[in-house]
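The block underneath contains the structure these notes are about, expressed in structure tokens.
Readers should treat all values here as calculations from the given coordinates under stated rules, not as data from a laboratory. Nothing here was measured: the structure is a model prediction, and the numbers come from that model. Methodologically, a virtual Cβ is constructed for each residue, glycine included, from the backbone with ideal geometry; neighbour enumeration extends over all protein chains shown.
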Amino acid sequence: MIQITETAVARMKIMLAEEDNSDQRFIRFGVKYGGCSGLTYGLGFDHNEQEGDTTIEANGVKLVVDAESYPYLDGVEIDFIETGMMGGFTIQNPNARVTCGCGSSFRTALDRGKKEKCD
């Protein structure tokens with residue numbers, strides 16, 4: 001199960017409210033090959049659900065995960081942290097065995113992904 005902190009939910013609500021047609025949009029969370037460790041997270045707006053998607057509702061925010069990504073994300077906690085003038089979503093993933101220095105990519109015990117050169 002994916003957990004979303006109250007702080008992350010609050011930030012997602014703000015982001016959705018700023019989007020056109022926000023009543024028809026939701027947050028899509030997934031994983032794709034890439035990054036310095038081989039797998040990278042994706043978090044963005046969507047309005048089309050696919051067969052096999054898993055939907056998580058958290059205090060009025062709808063988060064959708066595709067079937068291929070869910071095994072990598074089961075047990076994840078999404079938070080939003082603001083420090084000074086910067087802020088962003090953080091992802092604590094118990095499935096990650098290796099993460100890159102910038103924290104945006106990872107690999108699991110069973111999938112090394114496809115590494116890309118870091119910028």
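Worth a mention:
- Qualifying GluC sites (Glu not before Pro) in region 1-54, DSSP loop, other Cβ atoms within 10 Å at most 15: E19, E49, E51
- Each label point was placed 7 Å from the Cα along the Cα-to-Cβ direction; for E18 and Q92 their separation is 2.6 nm.
- Taking the chain and dividing mean pair separation by its residue count, relative contact order in percent (alpha carbons under 8 Å, at least six apart): 33 percent
- Gyration tensor verdict on region 3-108 (Cα atoms; rounded if a/c is under 1.5, prolate if a/b is larger than b/c, oblate otherwise): oblate
- For the chain, calculated [θ]222 nm from helices alone, where every DSSP H run of n ≥ 4 adds -39500 (n - 2.57): -4000 deg cm²/dmol
- Environment charge at E51 (Cβ cut-off 13 Å; Lys +1, Arg +1, Asp -1, Glu -1): -4
- Amide H within-cut-off set for G34, under 5 Å, with H built and near neighbours excluded: L39, T40, K114
- For the chain, share of DSSP beta bridges that run antiparallel, in % to the nearest 5: 85 percent
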